[in-house]
1. Can you say whether Gly150 is under 28 Å from Asp195 (Cα atoms), away from the ligand (no atom under 14 Å from the Cβ), open to solvent by 30 Å² or more (accessible area, probe 1.4 Å) and not aromatic (Phe, Trp, Tyr), as far as the supplied structure shows?
2. If I ask for residues that are more than 20 Å from Ala165 (Cβ to Cβ) and within 9 Å of the ligand (Cβ to nearest atom), which ones from the stretch 76-91 would you list?
3. Among the residues of the stretch 264-278, which ones are within 31 Å of the chain's Cα centre (by Cα) and in a helix (DSSP H, G or I)?
4. Mind telling me which of the residues Val123, Val94 ends up being within 16 Å of the ligand (Cβ to nearest atom), in contact (Cβ under 8 Å) with a residue 12 or more places away in the chain and not in a loop (DSSP other than H, G, I, E, B)?
5. Is there any pair linking a residue in the stretch 173-198 that is in contact (Cβ under 8 Å) with a residue 40 or more places away in the chain to one that is part of a strand (DSSP E or B) and of a type in the set (Asp, Glu), with Cβ under 8 Å and at least six apart or on different chains, and which?
6. Where residues in the stretch 153-168 are aliphatic (A, V, I, L, M) and within 11 Å of Gly105 (Cα to Cα), which of them is least open to solvent (accessible area, probe 1.4 Å)?
7. Can you name the residue in the stretch 62-75 that is open to solvent by less than 20 Å² (accessible area, probe 1.4 Å) and in a helix (DSSP H, G or I) and, of all such residues, is nearest to the ligand (Cβ to nearest atom)?
8. How many residues are open to solvent by less than 60 Å² (accessible area, probe 1.4 Å) and part of a loop (DSSP other than H, G, I, E, B) when one looks only at the stretch 126-145?
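The values are calculated or read from the model by the stated rules, or taken from the named source; none is laboratory data. Keep in mind it's a predicted model, so treat the numbers as computed, not measured. Cβ: placed from backbone, ideal geometry, glycine included. Neighbour counts: every protein chain shown. With ligands, DNA and RNA removed, areas are computed over all heavy atoms of the protein, side chains included. Shrake-Rupley method; radii C 1.70, N 1.55, O 1.52, S 1.80 Å.
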Amino acid sequence: MAHAQIHHDDAAAIGELEALSGRTVAVLGFGNQGAAQAANLRDSGVTPLVGNRDDGYAAAAAEEGFAPRPIAEVAFEADVSLLLVPDEVQPDLVRAEIAPGLQAGDTLVVASGYNWHFGLLEVPDGVDVVMVAPRMIGAAVRDRYVSRAGFPCFVSVERDATGRAWDTTLAIARAIGGTLGGAVVSSAREEAALDLFSEQAVWPAVLAVLRTAHAVAVDAGFTEEAVLSELYLSGEPAEVFDHVARDGLFGQLGLHSRTSQYGQLRALAALDDAAQRDRFTAVLHDDILSGAFAREWSRPEAGERLEALRREADASPIAAAEATVRERLRS
Ligand code: NDP
């Protein structure tokens, strides 16, 4: 059983940020993560420069008391740059506007492992590359910093050019509140692979289960309203998953009736998931770790394929039924 190293700090230690002393920190991109991390950094005593194009996000940064400037200018001035623009735009933006401003001894901080692990970021030699990746949406990164509840965060050093990259990583994690809930030592490879694995193995299986359950129940003559309400429109699955997180995968079973518990566990014990295990293994190794998915998604035609797949999903029987049922339940 492999276990990760975890860095924990209590609220008092959040102020211990020697590794950042005398270094200029910048947040590049003031979106979901950028706005939250900039505010947390400032409250930790590390007021960052903010880089953003001159538009709505820049206006939001100005409203929060930051003075946003063009990304290239800020990246040039900063010693530690947090790359907080969407993953899809990072390779071009780094090449054109950020890399030219990075100098040996600087640090580039990524919040997701995908681009770095799959070789899509060109970062000059001598620059540390580290990951501080909250496992939390931006709004909650801010709320949980303020309330001191913390949030899980993955950290790693991907390139230690200076020999001080770990100190910088942990200081940034601390300053955004990422060590309150425990910073888990990971890697860009692990973060990217698990993220993609969850997206490409777990969630498609969940979606397929609901789609199949809908088809079987409707074929048996049950109404769309009853079937969809039972499956997910009631919101009950969200409640169950909330309890899975808090009470455990099986710990939450106590919330269900004994009939339900017996039915669930009896059916689970009888389930042969060998085929699913084979499929998940293939997704992880053949699609994800091999880089095949990343290469496919980098192709220009992938965007068009996404639109076609979306149209196909929207036209499926369950999606059509859902639109009607939702409308009828409302009126
Ligand atoms: P957002 O979509 O919220 O980023 C929006 C920001 O990116 C805005 O400042 C926007 O400014 C800027 N931006 C968008 N396109 C461009 C462009 N072409 N050139 C320059 N700036 C651009 O991103 P997130 O905060 O969601 O994600 C940032 C990073 O954090 C990613 O690496 C993501 O994987 C990671 N992450 C995200 C989490 C989340 O919950 N959202 C959780 C954990 C990690 P403008 O359009 O004004 O230029």
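1. Details: under 28 Å from Asp195 (Cα atoms): yes; away from the ligand (no atom under 14 Å from the Cβ): yes; open to solvent by 30 Å² or more (accessible area, probe 1.4 Å): no; not aromatic (Phe, Trp, Tyr): yes.
It is false that Gly150 is under 28 Å from Asp195 (Cα atoms), away from the ligand (no atom under 14 Å from the Cβ), open to solvent by 30 Å² or more (accessible area, probe 1.4 Å) and not aromatic (Phe, Trp, Tyr).
2. Our first condition is that a residue be more than 20 Å from Ala165 (Cβ to Cβ); within the stretch 76-91, this holds for 76-77, 85-89, 91.
Listed by number, the residues that qualify are Val85, Pro86, Asp87, Glu88, Val89.
3. Gln264, Leu268, Ala274, Ala275, Gln276, Arg277, Asp278
4. Details: Val123 fails: not in a loop (DSSP other than H, G, I, E, B).
Only one candidate passes the filter, namely Val94.
5. That search, which allows pairs on different chains as well, returns Ser187/Glu158; Ala188/Glu158.
6. Going through the stretch 153-168, the residues aliphatic (A, V, I, L, M) turn out to be 155, 157, 161, 165.
When the remaining residues are screened for being within 11 Å of Gly105 (Cα to Cα), the result is 161, 165.
Working: Ala161: 52, Ala165: 0 Å².
Once the filter is applied, the top-ranked residue is Ala165.
7. So the first thing to find is which residues in the stretch 62-75 are open to solvent by less than 20 Å² (accessible area, probe 1.4 Å), and the list is 66, 71, 74-75.
Next, only the ones that are in a helix (DSSP H, G or I) stay: 71, 74-75.
Working: Ile71: 6, Val74: 12, Ala75: 11 Å.
The residue in question is Ile71.
8. Of the stretch 126-145, the ones open to solvent by less than 60 Å² (accessible area, probe 1.4 Å) are 126-134, 136, 138, 140-141, 145.
Then keep just the ones that are part of a loop (DSSP other than H, G, I, E, B); that gives 126-127, 136.
Residues in the stretch 126-145 being open to solvent by less than 60 Å² (accessible area, probe 1.4 Å) and part of a loop (DSSP other than H, G, I, E, B): 3 in total.
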